[in-house]
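The values are calculated or read from the model by the stated rules, or taken from the named source; none is laboratory data. Computed from a predicted model, the values in this text were never measured in an experiment. Cβ placement follows ideal geometry from the backbone for every residue including glycine, while neighbour counts extend to all protein chains displayed. In case anyone asks, the SASA skips ligands and DNA or RNA and just uses the protein heavy atoms, side chains included. Shrake-Rupley method; radii C 1.70, N 1.55, O 1.52, S 1.80 Å.
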Amino acid sequence: MAGKRLLNESCSDTDEPKEKRMRPKPSFASVIGQAVMVNYLYTALEPVLRKVVNEEVERSIGDRLRSFTRSPSLRIQAAEPEPSTLRLIFPKALSLPIFTGSKIVDEESNQLQVALVDTRGGQRAPVLLPNPIKVDIVVLDGDFPSGDRDNFTSEEFDRNIVRERTGKRPLLTGELSVTVRDGVASIGDIEFTDNSSWIRSRKFRIGAKVAQGSFQGVRIREAMTEAFVVKDHRGELYKKHHPPMLGDEVWRLEKIGKDGAFHKKLAFEGVNTVQDFLKMSVVDPPKIRKILGPGMSEKTWDVTIKHAKTCVMGNKYYVFQGTNYRIFLNPICQLVRAEINGTTYPIQTLSSINRSYVEDLVRQAYVNWSSLEEIEGISNEIGLLTQGEDMLDQYRNQQNATMRSFEQNAYLTHDSFEGYVPNEMQADCSRWQISQNYFNTPNENGIRLNLLASNSDDDLTSPKSFISGG
């Protein structure tokens, strides 16, 4: 048995590798060193492995979610809320231009108003809330919103509110908080303290927004005016008047600048006021065009005279009289009524008189304007200066005065009016511009008179303009 065991041991020894038989046992120091090395590697690799694992997990989850989203049967669509139809508006446009320190009013010179409306269906229906709401008045950049975009958010509106410049007073002063009751609120006195030239757009808007915490409910969209320029108050000294007044200096008219070339030319000829300008335009239009010279084109002239003709005329008459005549003129030297030898010719019958004679009387009245008798009174024949020609047409339709008869001394012919000037009027005929077209041979009753048909034009540059309604 001992021999067999020795034989087995010798066989097993030959089968084992020599390295295993020769490997020494590790020392305590080497074991500790290996342990430290493994711990170091674990500490260093843990963050990297953790990051890789997290990224793979997130990518896998993301792929799964995208596959769900692409599936129509699993997609969930969130309904977008409809935009609110409630909004604030300024019912009327602003009166322009606007100057610093001047009260801001609407185009009818009334206080600004802000209203609450419902814009559903493209309409602007007034809205009456059960409780009043507070509204803040602010200044906006003139470039907001960009383009014609009307779907801005409240946050965008707030970001475009313009504040005062550093070291300046509040940009807008006055009643900047109003209460909307019954769908509307009037804004008291507000005014700008600074011009708009310092921002990029060089324009402001006035906006209105619901005060924070004033209304709990759907959004009420903000209001804003059109963009406008705010000029320094000193610019108001040079602004045009709409409409101009008779006593305004002539440079208040469009296209005539203060101390400019046209202003100096007119002043040199004694045309200092709007009334002076209109009187000369009526009596001697070629002269006033000559004064202005070729520098005023036809287009510029049309703008100036159109502006002048919106002048408020008032209710004054000016009377020029002599031995056998008495004529009534409006403030710009247009004939309103004439009395010749006791016969009164109303405005609509003045074409029945010798026009040259009437025009001569008007020219004399123009030259002696300062000596004319002034009469104040209310008359439909004196009002606004033909703000367009519709006013005159309306006036003519309203007149019911009848023409005085000339049956004893006159008779009608084709395209003319013929008659006799009574002998008692011949003493005054020295002023008449006599020509073969007007007069024929006299007879015992007087001088035979042919009154030509009137001109159909009705502007300030034709002889007919001497007669304000004819």
Enumeration of residues in the stretch 105-140 that are within 22 Å of the chain's Cα centre (by Cα) and among the hydroxyl-bearing types (Ser, Thr, Tyr): Ser109
Within the set of pairs 6+ apart or on separate chains, which have a first residue in the stretch 250-269 that is open to solvent by 50 Å² or more (accessible area, probe 1.4 Å), a second that is small (Gly, Ala, Ser) and at pLDDT 90 or above, and C-beta atoms under 7 Å apart? Ala261/Gly295; Lys265/Gly293
If Gln321 meets every condition in (1) within 18 Å of Leu253 (Cβ to Cβ); (2) touching a residue at least 24 places away in the same chain (Cβ under 8 Å); (3) open to solvent by 50 Å² or more (accessible area, probe 1.4 Å) apart from one, which number is that one? (1)
Tally of residues being assigned to a loop (DSSP other than H, G, I, E, B) and under 18 Å from Leu246 (Cβ atoms) across the stretch 278-332: 9
Among the numbered conditions (1) touching a Leu at 6+ places or on another chain (Cβ under 9 Å); (2) in contact (Cβ under 8 Å) with a residue 40 or more places away in the chain, tell me where Arg163 comes up short. (2)
As an exercise: evaluate Gly122 against (1) among the small types (Gly, Ala, Ser); (2) open to solvent by less than 50 Å² (accessible area, probe 1.4 Å); (3) out of contact with any Asp or Glu (no Cβ under 8 Å at 6 or more places or on another chain) and give the number of the one condition it does not meet. (2)
Among (1) open to solvent by 30 Å² or more (accessible area, probe 1.4 Å); (2) closer than 15 Å to Val230 by Cα, Thr100 falls short only on (1)
